[in-house]
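Worksheet: the structure to be examined is printed underneath.
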Amino acid sequence: MGSILNLKQVINASGRMSILGVSTLSDVVLDGMAYGGKHYFEMEDLVTQSGQAVAGMLGTEAALIVNSASAGIALSIAGAIAKDKHQLVENIYAPAPQVQREILLMKGHNVDYGAPVETMIRLGGGIPVEAGYANGCRLEQLEQSISEQTAAVLFIQSHHAVQKNMPALDDVYALCQRYNVPLILDAAAEDHPQSYSERADVVIFSGSKALEGPTSGILAGKKTYVSYAAQHQKGIGRAMKVGKEAIFGLLAALQHYDARPRPAREQQEELMKLQELEAIPGVRVTIEQDEAGRPIYRGRIHVDEQEAACNALTLVARLKEGNLAVYTRDYHANEGSIDLDLRPLQAGDLEKIIAKVKQILGGA
């Protein structure tokens, strides 16, 4: 089927990224999707029962499967704003002077993860309000930003967000509980989803990242807030509905989910293969742990543009050229380095990456 589209072969060394289709799917997940796709169901009952099943697996009061983590953000915010006001559910953007619409988040959490977080806030009918600064936020700054117009606090648990000088998730949740303001937690790409069940009123996961399921999202947490969000399936959520095949695929992924990371030593030993690139002038290799502290290790290729054939930004661009496109994590390319993530690699991919880097930088 791919041949009729004339698609490039892609090596994904950037991680579970939406621009590359996030994850590859196991046979178990594909079997689940096939079962869902080959049968009819009463969709309202399927959505209800699948939500109950997911809540049981995650240890939350309730859950709802949606079509993406982004949908989960928008629906959670719409739910926090409209609550049980049915007229507002049908038109979340209608002027309603007495309705709280401000969604408070720390400035360092107002990130672009492929779409701006604040766009998802506005999609849900909210008005983003920032606390703190780009390089940090104190808990008291967040507290002082809570007002009578605050509908919810949004916390982004992600490597995209600022990590230093930020209050911890549990401290933010305790603050929200004191002020009776719901905390919405975006943990889209996080492992160990059960560990977040009691740390927010609503928690959002991507079904296709750490869980390695099909394109989908999970909105889970307190029954009240999940039910508020679920009402919007007949409002803005109509554009975010999930297919029956994705529901069964996600359930299969959750049932077979293994949160155990690849042992650190094994990751590091595999990444040691990159050291042969140090024979190329201007190239140095290090092994770095994930910025957010997760037990994930990546190879970092440092490129000295004064000695190497090109700089890191050019290397990133040239790796994507040709019939074999190699995608790396290029968040630090402007600083002279690129990262390689082992998790999505297939057998032999690392060797192909090494060969292409050598070809580009003249070390072949």
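Summary table
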quantity: From the coordinates shown, P(r) over Cα pairs in 20 Å bins from 0, in percent corresponds to which of (1) 28, 60, 12, 0; (2) 24, 57, 18, 0; (3) 28, 52, 19, 0; calculated: (3)
quantity: Cβ-defined net charge surrounding Gln149, 13 Å radius [Lys, Arg +1; Asp, Glu -1]; calculated: -1
quantity: Choice from Glu190, Glu266, Glu118 showing the highest fluctuation, given a GNM over the chain with Cα pairs closer than 10 Å; calculated: Glu266
quantity: The range 126-230 - percent of accessible surface contributed by carbon and sulfur, probe 1.4 Å; calculated: 44
quantity: Tensor-based shape of the range 104-259 (alpha-carbon gyration tensor, a/c under 1.5 rounded, otherwise prolate or oblate); calculated: prolate
quantity: Order of exposure, largest accessible area first, which applies to Tyr113, Tyr35 with probe 1.4 Å; calculated: Tyr35, Tyr113
quantity: Per-peptide average of other Cβ atoms within 10 Å, ordering 65-72, 251-258 highest first; calculated: 65-72, 251-258
quantity: The chain, relative contact order in percent, only Cα pairs under 8 angstrom and at least six apart counted; calculated: 23
quantity: Approximate spin-label separation Arg238-Glu44, in nm, with each point projected 7 Å along Cα-to-Cβ; calculated: 1.5
quantity: Candidate aspartates and glutamates for bridging to Lys241, where Cα separation is under 15 Å - those fewer than 8 sequence places away on the same chain excluded; calculated: Glu42, Glu44, Asp45
quantity: Straight-distance crosslink candidates among lysines, where the alpha carbon sits under 30 Å from Lys244 and sequence neighbours closer than 8 are dropped; calculated: Lys8, Lys38, Lys83, Lys85, Lys209, Lys222, Lys223, Lys234
quantity: Per residue value of the accessible surface for the chain (all protein chains in place, 1.4 Å probe), Å²; calculated: 49
quantity: Helix 349-361 vs. the chain, principal-axis angle (Cα, 0 to 90°, nearest 10); calculated: 60
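The values are calculated or read from the model by the stated rules, or taken from the named source; none is laboratory data. None of these values were measured; they are calculated from a predicted model. FYI the Cβ positions are ideal-geometry reconstructions off the backbone, even for glycines, and counts take in every protein chain you see. Quick note on the areas: whole protein, heavy atoms, side chains included, nothing else; ligands and nucleic acids left out. Shrake-Rupley method; radii C 1.70, N 1.55, O 1.52, S 1.80 Å.
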